[in-house]
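Presented below is the structure to which this report refers.
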Amino acid sequence: MAQTFVQGKLSPSKVTMFEKNTCPYCVRAKDILQKYNFKKGHLEIVNIASLDNMSSVQDYFLQTTGERTVPRIFIGEKCIGGCSDLVPLDGSGELENMLISIGALE
């Protein structure tokens, strides 16, 4: 069920961030992502905190990405990691290039 849930949120031309809304790293990552001009529907922030299967979703992240923590950020269908991975990508300009390459930006 966790695999179906996570995979159902991913798309080749979309950025998906799984978060818990009380997590300071999630807030920072969301702030970074939201400064970009995404096409409608190409950025989805998914709060997993209220899910009945939150623990199994995080276990699935561990199996597939090597980390159980949030945020888990997917550019297209590839996990780029969490906030500590996003910050240098944003700072170097590589994040913008990645977003352009999947067609997510206006």
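The table for this structure:
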| quantity | calculated |
| --- | --- |
| Selection count, segment 1-17, where residues are among the basic types (Lys, Arg) and not in a helix (DSSP H, G or I) | 1 |
| Search result, residues across segment 18-61 that are surrounded by fewer than 13 Cβ atoms within 10 Å (Cβ to Cβ) and not in a loop (DSSP other than H, G, I, E, B) | Pro24, Asp31, Gln34, Ser55 |
| Conditions (1) out of contact with any Pro (no Cβ under 9 Å at 6 or more places or on another chain); (2) touching a residue at least 12 places away in the same chain (Cβ under 8 Å); number of the one not met by Cys23 | (1) |
| Residues that are in a helix (DSSP H, G or I) and out of contact with any Phe, Trp or Tyr (no Cβ under 9 Å at 6 or more places or on another chain), drawn from segment 66-89 | Asp85, Leu86, Val87, Pro88, Leu89 |
| Only one of Glu67, Glu96, Glu77 that is closer than 15 Å to Gln34 by Cα and among the acidic types (Asp, Glu) | Glu96 |
| Evaluation of Ile80 against (1) touching a helix residue (DSSP H, G or I) at 6+ places or on another chain (Cβ under 9 Å); (2) more than 15 Å from Lys14 (Cα to Cα); (3) among the hydrophobic types (A, V, I, L, M, F, W, C) (one fails), failing number | (2) |
| Pick from segment 65-106, criterion in contact (Cβ under 8 Å) with a residue 60 or more places away in the chain and surrounded by fewer than 17 Cβ atoms within 10 Å (Cβ to Cβ), ranking: nearest to the chain's Cα centre (by Cα) | Glu77 |
| Lys14 being within 13 Å of the chain's Cα centre (by Cα), of a type in the set (Lys, Arg) and surrounded by 15 or more Cβ atoms within 10 Å (Cβ to Cβ) | yes |
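All of the numbers you see were taken from the coordinates with simple rules; none came from a lab. None of the values given here were measured: they were computed from a predicted structure. For neighbour counting, all protein chains shown are included, and Cβ atoms are generated from backbone atoms with ideal geometry for every residue, glycine included.
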